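Asks: I have a structure I would like to understand better, so I am pasting it below and will then ask my questions one at a time.
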Amino acid sequence: MESIDTYIPKEYLALKINYCRKRLQELPVVKIYHYRQDDLFKRRAVVDGHKYDVDSPLGRGFYEIWQERDELERQLNCYEATWYCHFNGEPLQECVPNEVKRYLRVSYDQEVVMNKTFFDSLKNDDNTRHEKYKNNFFNGIYYRSAAERDIAIYYYRNGIPFKYEPSITLFGIPKPINPDFVLYIRELNTCKIHEHLGMKESSDYLRNVKTKYGNYSNSGLVPGMDVLFTYDRDDLPFDIRCLAPVLNSAVYGTVVCGNCGKQ
């Protein structure tokens with residue numbers, strides 16, 4: 001996990017804290033000990049008084065749990081420190097990290113749940129139709145604009161997994177499309193689509209923006225909750241600080257609405 005050096009909105013921060021606490025309660029407590037045998041240093045997992053060599057199948061499983069707990073505890077310490085620095089009292093209890101099911105319609109009679117399985121199925125950086133610029137490079141990917149690169153850095157630093165321009169299928173669209181970003185929100189086991197629109201002063205571009213809104217809506221997605229939109233223009237450059245409230249609104253809207261909207 002990278003250090004948090006960007007602003008996390010109140011509701012989303014509370015959700016992250018509550019997720020870490022809940023997950024730590026669910027996982028068994030594992031201790032790892034090192035010992036020496038035949039001039040070799042080995043590791044042993046201890047769970048409820050039982051010992052398992054890390055090289056054994058059960059031991060490897062408990063070692064992975066120990067690693068997950070260690071990462072969760074470090075994240076929780078960071079999130080709690082941020083919370084108590086900026087806010088009073090305990091994190092908001094209504095920000096409950098429950099799994100939700102948001103559906104994407106891909107054909108007349110087929111929907112897919114936008115969960116981790118869906119996210120893992122997407123290919124990162126799958127759009128080869130448009131030119132990229134070498135000065136917009138970050139973490140192995142060339143982005144099409146400086147704003148998109150800044151957005152990728154924001155998600156990376158805040159520990160939010162994303163795929164850049166993956167191919168997805170929408171109902172009523174003959175060919176797959178490539179949204180700018182698809183995010184995975186682990187606290188809710190759901191995905192968000194993020195389109196960053198460079199608003200140019202042309203009627204063709206504005207018609208394209210209107211079409212995107214319609215295509216996502218026709219596929220069962222709710223703009224502002226399932227699909228995030230950010231913008232910039234030549235005379236109004238994108239400020240990354242604008243992303244935090246947009247993301248927070250989408251995540252908190254999902255917490256409040258949950259699985260509503262499923263027909």
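Asks: Would you mind checking 16/101; 10/210; 101/134; 10/134; 22/116 for any pair whose Cα atoms are more than 28 angstrom apart? Please report the intermediate quantities before stating the final value.
Replies: Numbers: 16/101 19 Å; 10/210 31 Å; 101/134 38 Å; 10/134 36 Å; 22/116 19 Å.
Too far apart for the 28 Å limit: 10/210; 101/134; 10/134.
Asks: With point charges of +1 on the Cβ of Lys and Arg and -1 on the Cβ of Asp and Glu, referenced to the Cα centre of the stretch 143-263, which listed residue (257, 154, 193) lies farthest in the positive direction of the dipole?
Replies: The listed residue farthest towards the positive side: 257.
Asks: Taking only Cα atoms, what is the 0 to 90° angle, nearest 10, from helix 10-26's long axis to the longest principal axis of the chain?
Replies: Result, in degrees: 30.
Asks: So, one more: Using alpha-carbon positions, what is the distance between the centroids of the stretch 210-239 and the stretch 127-185, in Å?
Replies: Here the two parts' Cα centres lie 14 Å apart.
Asks: With the crude spin-label approximation of a point 7 Å out along Cα→Cβ, what separation in nm comes out for residue 109 versus residue 58?
Replies: Distance between the two pseudo-spin positions: 4.8 nm.
Asks: A further question on this structure: Simple spin-label model, 7 Å along Cα-to-Cβ: residue 208 to residue 256 in nm?
Replies: 3.3
Asks: Using the crude model of +1 on Lys and Arg Cβ and -1 on Asp and Glu Cβ, and no other charge, please compute the dipole size for the stretch 140-263 relative to its Cα centre, in debye to 20.
Replies: 360
Asks: Additional query: Considering only the other residues whose Cβ falls under 14 Å of the Cβ of residue 223, what net charge follows from Lys and Arg at +1 and Asp and Glu at -1?
Replies: Residues close to residue 223 contribute a combined charge of +2.
Asks: Compute the acute angle (0 to 90°) between the alpha-carbon long axis of helix 243-257 and the principal axis of greatest extent of the alpha-carbon atoms of the chain; round to the nearest 10°.
Replies: 80
Asks: Put +1 on the Cβ of each Lys and Arg and -1 on the Cβ of each Asp and Glu in the chain; which of 15, 75, 25 then has its Cα farthest toward the positive end of the dipole?
Replies: So the residue furthest toward the plus end is 25.
Asks: If the label point is 7 Å along Cα→Cβ of residue 156, which residues in the stretch 107-145 have backbone nitrogen under 12 Å from it?
Replies: Residues passing the 12 Å test: 136-143.
Asks: Something else: To the nearest 500 deg cm²/dmol, what mean residue ellipticity at 222 nm is calculated for the chain from DSSP H runs of n ≥ 4 alone, each contributing -39,500 (n - 2.57), summed and divided by the residues?
Replies: So the calculated ellipticity at 222 nm is -12000 deg cm²/dmol.
Here, each number is a calculation from the coordinates, and none is a lab measurement. As the structure is a prediction and not an experimental result, all values here were calculated from the model. Reconstructed Cβ throughout: ideal geometry from the backbone, glycine too, with neighbour counts over all protein chains shown.
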